[in-house]
1. Exactly one condition in (1) surrounded by 14 or more Cβ atoms within 10 Å (Cβ to Cβ); (2) free of Cβ contacts under 8 Å to residues at least 40 places away in the same chain; (3) outside any loop (DSSP other than H, G, I, E, B) is false for residue 89; which is it?
2. Name every residue in region 108-117 that is within 20 Å of residue 149 (Cβ to Cβ) and touching a helix residue (DSSP H, G or I) at 6+ places or on another chain (Cβ under 6 Å), in order of residue number.
3. Among what's in region 161-190 and is surrounded by fewer than 16 Cβ atoms within 10 Å (Cβ to Cβ) and touching a helix residue (DSSP H, G or I) at 6+ places or on another chain (Cβ under 7 Å), pick the residue that is modelled with the lowest pLDDT.
4. Only residues that are surrounded by fewer than 15 Cβ atoms within 10 Å (Cβ to Cβ) and under 30 Å from residue 43 (Cα atoms): list them for region 92-116, please.
5. Quick check, is residue 8 buried (at least 17 other Cβ atoms within 10 Å of the Cβ), under 28 Å from residue 178 (Cβ atoms) and either free of Cβ contacts under 8 Å to residues at least 12 places away in the same chain or in the same structural domain as residue 158 (by TED's automatic domain parsing) (or both)?
6. Suppose we filter 78, 64 for residues that are under 24 Å from the mean Cα position of the chain (by Cα) and exposed (fewer than 12 other Cβ atoms within 10 Å of the Cβ); which single one remains?
């Protein structure tokens, strides 16, 4: 097995969500497409032109202020902001979200080894849950336990990992976190002395791609 070095050395595996198990742009660009279709229907403005504009802004500047820029460009004002926000929370995407191939392979090996899989979702729980529901899990959803950082007191990775350890009787050094970046060691966020991220095993998505 390609990832046996990880499955042999850890008892449980924790994955972050956005841009770790799948590319977040695949979700956002489909939301923008649906929004553009909605505006085309209600305002008779060319939908492809809207989605092209939004895609260009996203590629250059990210999501910050994308509604405001789009509204200004096409004279929409504020009246469609609610629709834009709602689409992020409940959009039914035209296409399923696909896991990165190395992530899928690792998850399948973890499942075959009979070890637990955990998912850390950071951000608005409604939006994150909508993403999770539209990922093509290839059957792995039956073995996945999801934790929302927003539901912890400090909204932190450290506290959430501590919670997982306590609930499943796992020590920090028995866990492997697959994330976008290496975790920041911050003892102020963890109350249990066994969970300060100092002994947590971690792997970035870039490291996984080249392993």
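The values are calculated or read from the model by the stated rules, or taken from the named source; none is laboratory data. These numbers come from a predicted model, not from an experiment. Glycine gets a Cβ as well: all are built from the backbone with ideal geometry, and neighbour counts include every protein chain shown.
1. (2)
2. 117
3. Ranking the qualifying residues of region 161-190, first place goes to 186.
4. 92, 94, 95, 96
5. Details: buried (at least 17 other Cβ atoms within 10 Å of the Cβ): no; under 28 Å from residue 178 (Cβ atoms): yes; either free of Cβ contacts under 8 Å to residues at least 12 places away in the same chain or in the same structural domain as residue 158 (by TED's automatic domain parsing) (or both): yes.
So residue 8 fails the test.
6. The match here is 64.
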